[in-house]
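*Asks:* Would you mind keeping the following structure in view while I ask a few things?
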Amino acid sequence: MTAGTGVAHSETNDDQEPLRFIQMWLLPTSNGLKPNYGSMCGDNLDLTNKFAHLVSSVESSRDTPVKINCDANIQVAEISKGIDV
């Protein structure tokens, strides 16, 4: 999400199933950007003992599901005990 000049924000789970997510707030590359929102569902990702590159900068040539207005890369993994990656 790029809030632009401001945002009203809340979180809800409208489902009966528990919801698991991580929320991070990063500083944008510049001020006054047009408001923007992006998300993805990770249910079908194979994260076992390997990293998945999920987020990159809008200026990056990397092919990621989510692009942000920040010089950042976010990767996730589910590492089993005793495994090095």
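*Asks:* I need the full set of residues from the range 58-83 which are closer than 17 Å to Ala3 by Cβ and open to solvent by less than 40 Å² (accessible area, probe 1.4 Å), in order please.
*Replies:* Result: Val66, Ile68, Asn69, Cys70, Ala72.
*Asks:* Would you be able to say whether some residue in the range 44-55 is within 19 Å of Ala3 (Cα to Cα), of a type outside the set (D, E, K, R) and at pLDDT 90 or above?
*Replies:* yes
*Asks:* Tally time: how many residues in the range 1-44 are in contact with a Ser or Thr (Cβ under 8 Å, 6 or more places away or on another chain), open to solvent by 100 Å² or more (accessible area, probe 1.4 Å) and hydrophobic (A, V, I, L, M, F, W, C)?
*Replies:* The qualifying residues number 0.
*Asks:* Hey, does the range 59-75 have a residue that's among the hydroxyl-bearing types (Ser, Thr, Tyr), within 13 Å of the chain's Cα centre (by Cα) and at pLDDT 85 or above?
*Replies:* Checked against the condition, which is being among the hydroxyl-bearing types (Ser, Thr, Tyr), within 13 Å of the chain's Cα centre (by Cα) and at pLDDT 85 or above, the range 59-75 yields at least one hit.
*Asks:* Here is a further query. Looking only at residues that are among the hydrophobic types (A, V, I, L, M, F, W, C) and at pLDDT 85 or above in the range 23-32, which one is nearest to the chain's Cα centre (by Cα)?
*Replies:* Leu26
*Asks:* I'm trying to understand the selection: among the residues of the range 34-85, which are of a type in the set (Gly, Ala, Ser) and outside any loop (DSSP other than H, G, I, E, B)?
*Replies:* Ala52, Ser56, Ser57
The values are calculated or read from the model by the stated rules, or taken from the named source; none is laboratory data. Nothing here was measured: the structure is a model prediction, and the numbers come from that model. So basically every Cβ, Gly included, is an ideal-geometry build from the backbone, and we count neighbours across all protein chains shown. What goes into the accessible areas is simple: the full protein's heavy atoms, side chains included, and nothing from ligands, DNA or RNA. Shrake-Rupley method; radii C 1.70, N 1.55, O 1.52, S 1.80 Å.
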